[in-house]
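Step one of this worksheet: look at the structure below.
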Amino acid sequence: MEYLPNLAHDVRTSMGEIIGLANLGLNAAGDTVRTRDCLLKIRSASEHLMSQLNDIMEMSRIESGKLVLNEVVCDISAIAEKASDIAAAYAADKLIKFGISTDKVQDRWVHCDTIRFERVLNNLLSNAVKYTPENGEIRLSLTQTECEREGYGRYELKVRDSGTGMSEDFLAEIFDAYGRERSSTIEGLQGTGLGMAITKKIVDAMGGGISVTSEPGEGSEFTVVLELKIAEALQDDEEWLISTPENEGGGYGKDFRGERILLVDDNGINRQIARGILKAYGFIIEEAENGQEAVEKIENSESGYYDLVLMDVRMPVMNGYEATSRIRAMEDKARANIPVIAMTANSFEEDIKAAKDVGMNAHIAKPIEIPVMMEILSEILSSRTAD
């Protein structure tokens, strides 16, 4: 069914415009207190809507059988600690006490889909924060017990809160899609009702189990059990994935002044957002409104004129995939080998694979996260210089 993905793309594009413009406004000098407050609220509301849309799209992908696990070697305790740091910050705003325990994990390094595991953690923790009143308490624990499967560890994740709790009737349907208990104590809370359904689907796909105990007014406890293959610890100079880079702002060890980027996007506001970000880092920007225009600009420019292409995917006249294929087929190697990075609201595994299949070097999701974008650009441009 194409309706939902197409609708989601359009909404994500609009939300990308709102979040991007808000970020540009926040970085502008001379803002008044009132303007800054409004911009902060615009960004917060937009991020919330984006989160809801992501839930809808994730559920759609799961139901259509497109959930594919991507296991890497990772430090499971570090992932839990990172997720808890984020949740603890939100909990502090409500004066909620937050605690975490991972000391009973003997084998921290495992084979795991880090993005999916983070999603499970974030869903459980955000749910706990949402339904726990001020001065309440939340505790996250990760423990390891013996596993009958050789070379595997049995990991038990528990999230306990002192929140509103749930009735016995609702517990029977807590993991159903769009399920959410109505109560006078939680009126006004927003959400798709998909968080727990998505969580269970992910846990099921990982071969684990999830359960919950709860009483009205006494809080809830969610338990996730996973059997994960134990891995050798990576050395300090080896990379392992947690989905969100830690870099904030600049400091990428690269002077971008003089680097020329061809920015290709049919949406004028999207170009304005990207242009504002890139200029702040010293890039020279030229623009094209569709893939055909981009191909013509590269063909008609001197060899090596452009250092990099930021390419939208969905465009009229010629889309980003076809344009990249045309670039890769050019006779002049300097033109054919220009780094091309997809910059699109389509951000699922199959979208990243499609970009790679046509020869794109990397993928940046909209709305743009500036630290992520700068890290990718720095890596691509640095590797090109090294070559």
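All of the numbers you see were taken from the coordinates with simple rules; none came from a lab. These numbers were taken from a predicted model, which means no experiment stands behind them. Neighbour counts run over all protein chains shown; Cβ positions are idealised from the backbone, glycine included.
Here are a few things to note about the model shown:
- Simple Cβ-charge dipole of the range 72-229, Lys/Arg +1 and Asp/Glu -1, about Cα centre, in debye nearest 20: 360 debye
- Order of VAL203, VAL317, VAL110 under a 10 Å beta carbon neighbour criterion, fewest first: VAL317, VAL203, VAL110
- Lysines with Cα under 16 Å of LYS130, excluding same-chain neighbours fewer than 8 positions away: LYS94, LYS97
- Centre separation in Å (Cα based) which lies between the range 99-122 and the range 128-162: 10 Å
- Cross-link partners for LYS297 among the lysines, with Cα-Cα distance under 25 Å and sequence neighbours closer than 8 places in the same chain left out: LYS279, LYS333, LYS356, LYS366.
- Residue-by-residue Karplus 3J(HN,Hα) for the range 54-63, coefficients 6.51, -1.76, 1.60, Hz, glycine and proline x: 4, 4, 5, 5, 5, 5, 4, 5, 4, 5
- With neighbours defined as other Cβ atoms within 10 Å of a residue's Cβ, the residues THR223, THR164 order from fewest to most as THR223, THR164.
- With Cα atoms defining each centre, the range 273-323 and the range 345-383 are spaced 14 Å apart in the structure.
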